[in-house]
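The values are calculated or read from the model by the stated rules, or taken from the named source; none is laboratory data. For clarity, every value in this text was computed on a predicted model and none was experimentally measured. For neighbour counting, all protein chains shown are included, and Cβ atoms are generated from backbone atoms with ideal geometry for every residue, glycine included. Quick note on the areas: whole protein, heavy atoms, side chains included, nothing else; ligands and nucleic acids left out. Shrake-Rupley method; radii C 1.70, N 1.55, O 1.52, S 1.80 Å.
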Amino acid sequence: MSEVSSQLPIDPITAVGVVSSPSKAPDGYYVVAQTTDGSDADLRKVGLFKSKVTRYLCFTRKTGPDVVVDMKLTDIKDALPASFTPVQETMDRKEAAMRKRRLCVKMSPREDAKTAVCDIQITAKSKTHLVNYTCVGELNNMGIWYRLGDVRQHQSSRVTSGRVESDARPGTLRNFSKIYSERHGTGLYTMTALDDVPFVVSEKFSQKIPKET
């Protein structure tokens, strides 16, 4: 068995890709350039011989509407798993990402996901097991593993602002006080029993008061 750092990132992975070189990854992407034991994590390397063509797995945790919830490694001839999207091209050169094998990822809206992929590791030996990780599959005697983590939900600011606006009804003392407070920065308004009660002057006070002689 083998373990990786216990200080795992909290944010889920939002995209997975393949690049031809560690230096070619887009901004905000982390490249899995080495295996857990420090070996080269080139996905195209075969045995002791290194091909002129190299492929490296990369991913990002940039905040987005979707998160990665599952990953699979299948044969290129197999049918695409339901609800999975294949990583077919390199992000830098738009070349074929892999030979014979195909990496597939499953996405889900963040608001619908309770757990998501939060870390990806590559092992040099297929028999190596990572604690608390799930093996995606083996490629060129290397294992691709991922770990799931809880997804933190972010409260929408639009919901909050909408709730505040709905509390203030037009034509009420409360609405006038809130507007006055916002414009003048007093912030001293306190809710009372008269809130939401329209202010109307009684008709008996509408007559003019006679002048004293």
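In region 15-150, one over the average inverse separation of all distinct C-alpha pairs is 15.2 Å, which is the Kirkwood hydrodynamic radius. Site pair residue 34 and residue 73 shows an inter-label distance of 2.0 nm when each label is modelled 7 Å from Cα along Cα→Cβ. Our coupling estimate for region 65-72, obtained by passing each phi through the Karplus curve with A = 6.51, B = -1.76, C = 1.60 and θ = phi - 60°, is x, 10, 10, 7, 10, 6, 9, 9 Hz, Gly and Pro reported as x.
Note on residue 23 and residue 134: with the Förster distance fixed at 30 Å, the Cβ-Cβ geometry gives a FRET efficiency of about 0.55. Heavy-atom surface analysis with a 1.4 Å probe gives region 15-150 a carbon and sulfur content of 48 percent of its accessible area. Residue pairs exceeding 20 angstrom between C-alpha atoms, taken from 45/127; 62/106; 94/125: 94/125. Between the amide H of residue 89 and those of 97, distances stay under 5 Å, these residues lying 5 or more places away or on another chain, with hydrogens modeled in the peptide plane.
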